[in-house]
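Any read-out appearing in this document is the output of simple, stated calculations on the displayed coordinates, not a laboratory observation. Computed from a predicted model, the values in this text were never measured in an experiment. Cβ: placed from backbone, ideal geometry, glycine included. Neighbour counts: every protein chain shown.
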Amino acid sequence: MTYHAKVIAGGKIVIPADLRRELGIKDGDSVALERTPEGISLVRDDPEAALLRLREGLRDYSVDQFLRERRQDWGE
């Protein structure tokens, strides 16, 4: 289902009540906006979910790759 949100003064986004209930978002909760190839994705910002997203993003990232990138940055 597609939901529509409205941007109000100060860049605030109003998330529809049905979607807030569905995602369990309550007043004072944090959410994260992630840039995707399709646009923007809204995710509930709880520490466990954030850690899972980080692990997913780093799954194929090796120490060797990291060192190669740093050496390029340092001009070695």
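Taking the Cα atoms only, what angle lies between the long axis of helix 63-74 and the longest principal axis of the chain, rounded to 10 degrees?
Roughly 80 degrees between the two axes.
Roughly speaking, what is the stretch gain from Arg21 to Ser41, that is 0.36 nm per residue apart minus the C-alpha to C-alpha distance, in nm to one decimal?
Gain on extension, Arg21 to Ser41, equals 5.5 nm.
Which angle from 0 to 90°, rounded to the nearest 10, does the C-alpha axis of helix 47-58 make with the longest principal axis of the chain?
For helix 47-58, the angle is close to 40 degrees.
Looking at (i) 19, 57, 23, 1; (ii) 14, 35, 26, 14, 11, 0; (iii) 19, 30, 23, 16, 8, 3, which value of P(r) over Cα pairs in 10 Å bins from 0, in percent comes from a calculation on the structure shown?
(ii)
Between Arg68 and Val7, what is the label-to-label distance in nm when each label sits 7 Å out along the Cα-to-Cβ direction?
Output for this residue pair reads 3.8 nm.
What number, in percent, do you get for the relative contact order of the stretch 1-55 if the mean sequence gap of Cα pairs under 8 Å and at least 6 apart is divided by its residue count?
Once normalised by length, the contact order is 20 percent.
Could you size up the charge dipole of the chain around its Cα centre, putting +1 on the beta carbon of Lys and Arg and -1 on that of Asp and Glu, and report it in debye to the nearest 20?
220
Suppose only helical runs count, i.e. DSSP H with n ≥ 4. What mean residue ellipticity at 222 nm does that imply for the chain under -39500 (n - 2.57) per run, divided by all residues and rounded to the nearest 500 deg cm²/dmol?
Rounded to the nearest 500, the figure is -12000 deg cm²/dmol.
Using just the C-alpha positions of the stretch 10-49 as equal point scatterers, what log10 of I(q)/I(0) does the Debye formula give at each q in 0.16 1/Å?
For the stretch 10-49 at q = 0.16 Å⁻¹, log10 I(q)/I(0) is -0.45.
Which one of Gln72, Ala9, Leu52 has its Cα pushed farthest toward the positive end of the charge dipole of the chain, where Lys and Arg give +1 and Asp and Glu give -1 at the Cβ?
Most positive-ward Cα: Ala9.
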